[in-house]
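Engineer: Structure incoming, see below.
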Amino acid sequence: MLERILPAGTTVVATRGDLEGTLYPEEEAVVARAVEKRRREFTTGRACAREALAQLGRSHQPIPSGPHGEPLWPSGVVGSITHCDGYRGCAIAPDAALRSIGVDAERNEPLPEGLLPDIALSEERGMLRALAREDPGIAWDRLLFSAKEAVYKAWYPLAERWLGFEDAIVTLDWATRAYSVRLLVGGPIVDGRELTGFDGRWAVEGELLLTAVALAPASDRETR
């Protein structure tokens with residue numbers, strides 16, 4: 001499913017259930033005190049990631065976590081891992097093909113009561129109301145949350161600093177299943193220029209919402 005909303009050449013491995021797998025010591029340290037559900041999610045995510053790396057011709061190796069829980073990929077690889085109830089997935093690519101990837105999966109269910117003001121700017125809340133009139137079957141607030149989660153996952157490896165929900169404005173397009181992101185804070189320099197936003201895509205697959213952003217090299221972005 002994720003492969004449908006990511007550029008050609010991205011390697012995706014996903015599963016609807018948990019996979020068996022053995023963690024390396026540096027991975028085990030991340031979930032040593034975690035509850036069983038978290039351990040299963042983490043182990044399955046790492047299993048998906050190792051299979052994706054194998055498809056790129058990379059040997060099995062540990063994928064430790066950084067200070068904010070981000071996967072630390074081998075040299076020459078960018079990627080992202082996501083999990084929710086009923087879905088675990090990983091997307092990776094050579095860093096020559098993409099500068100960064102962010103993916104997220106969520107259940108197609110409304111956010112908990114009272115959370116939206118923490119997620120959405122006023123302009124985005126107006127957009128959500130309009131989208132709900134177009135298609136009430138989609139949990140648009142949750143989709144916005146997912147889109148911003150994917151953005152953060154793509155942002156952090158490039159900027160190595162926090163990006164709050166209030167630091168980017170997302171425009172969701174109902175007709176094209178695409179979305180655009182405008183950063184409201186200064187971005188990192190990527191390929192000699194400041195990053196000012198992302199382009200992403202989203203999909204609804206039954207009970208799941210999927211979002212993805214992928215940043216191409218500047219030379220590829222200029223030819224679009």
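Engineer: Under Stokes-Einstein, with the Kirkwood radius over Cα pairs standing in for Rh, what whole-number D in µm²/s applies to the range 87-141 at 37 °C and 0.692 mPa s?
Structural biologist: Reported coefficient: 237 µm²/s.
Engineer: Kindly rank 28-35, 180-187 from highest to lowest mean number of other beta carbons found within 10 Å of each residue. Please report the intermediate quantities before stating the final value.
Structural biologist: On the way: 28-35: 12.5, 180-187: 15.2.
The packing order, highest mean first, is 180-187, 28-35.
Engineer: Output the Cα-based Rg and Dmax of the chain in Å, rounding Rg to one decimal and Dmax to a whole number.
Structural biologist: 17.1, 50
Engineer: Moving on. As a test of the definition: which semi-axes, in Å, follow for the range 101-224 when you take the square root of five times each eigenvalue of its alpha carbon gyration tensor? Largest first, please. Before the final figure, lay out the partial values.
Structural biologist: Numbers: eigenvalues 123, 49, 33 Å².
Three semi-axes, in Å: 25, 16, 13.
Engineer: Restricting attention to the chain, give the cysteines that have no other cysteine Cβ less than 4.7 angstrom from their Cβ.
Structural biologist: Those would be CYS84, since no other cysteine Cβ in the chain comes under 4.7 Å of theirs.
Engineer: Sequence-distant or interchain residues sharing an amide H contact under 5 Å with LEU184, placed H: which?
Structural biologist: Under 5 Å from the amide H of LEU184: ALA168, ILE169.
Engineer: Assigning unit charges at the beta carbon (Lys, Arg +1; Asp, Glu -1) and nothing else, what dipole magnitude in debye, to the nearest 20, does the chain show about its Cα centre? Mind showing how you got there, number by number?
Structural biologist: Details: 26 positive and 34 negative charges, 53 e Å.
Approximately 260 debye in magnitude.
Engineer: Another question, if that's okay. I'd like the Karplus ³J(HN,Hα) series for the range 123-130: coefficients 6.51, -1.76, 1.60, θ = phi - 60°, whole numbers in Hz, and an x wherever there's a Gly or Pro.
Structural biologist: With coefficients 6.51, -1.76 and 1.60, one gets 4, 5, 5, x, 4, 4, 5, 5 Hz.
Engineer: With a cut-off of 8 Å between alpha carbons and a minimum separation of six or more residues, what is the relative contact order of the chain in percent? All intermediate terms of the calculation are to be shown ahead of the outcome.
Structural biologist: Values: 407 pairs, mean separation 45.1, N = 224.
Computed value for the chain: 20 percent relative contact order.
Engineer: Dividing the Cα radius of gyration by the Kirkwood radius, what Rg/Rh value follows for the range 5-105?
Structural biologist: Details: Rg = 12.8 Å, Rh = 13.7 Å.
In the range 5-105, Rg relative to Rh is 0.93.
Engineer: Which listed residue (SER180, SER146, ALA132) has the Cα farthest towards the positive end of the charge dipole for the range 51-195, taking +1 on Lys and Arg C-beta and -1 on Asp and Glu C-beta about the Cα centre?
Structural biologist: Towards the positive end, the residue furthest out is SER180.
Engineer: Still on this structure, I have one more. How high is the FRET efficiency between ARG107 and TRP174 when r is their beta carbon distance and R₀ equals 22 Å, given to the nearest 0.05? Present the calculation step by step, with values, prior to reporting the outcome.
Structural biologist: Working: r = 20 Å, r/R0 = 0.89.
Here the calculated transfer efficiency is 0.65.
Engineer: In the Gaussian network model of the chain, springs joining C-alpha atoms below 10 Å, which of ARG88, ARG46, ARG38 carries the largest mean-square fluctuation?
Structural biologist: Top of the fluctuation ranking is ARG38.
Engineer: Now a separate question. Can you figure out the FRET efficiency of LEU184 with GLU3, using R₀ = 30 Å and their beta-carbon distance, to the nearest 0.05? Can you show the working numbers first?
Structural biologist: Values: r = 31 Å, r/R0 = 1.02.
Step by step, r from the Cβ atoms, then E = 0.45.
Engineer: At what distance in nm do the modelled label points of ALA97 and GLN55 sit from each other, each positioned 7 Å from its Cα along Cα→Cβ?
Structural biologist: Computed distance between label sites ALA97 and GLN55 equals 0.9 nm.
Read the figures in this text as sums done on the coordinates, not as results from a lab. Values in this document were obtained by computation on a predicted structure and should not be read as measured data. We place every Cβ from the backbone using ideal geometry, glycine too, and count neighbours over all the protein chains shown.
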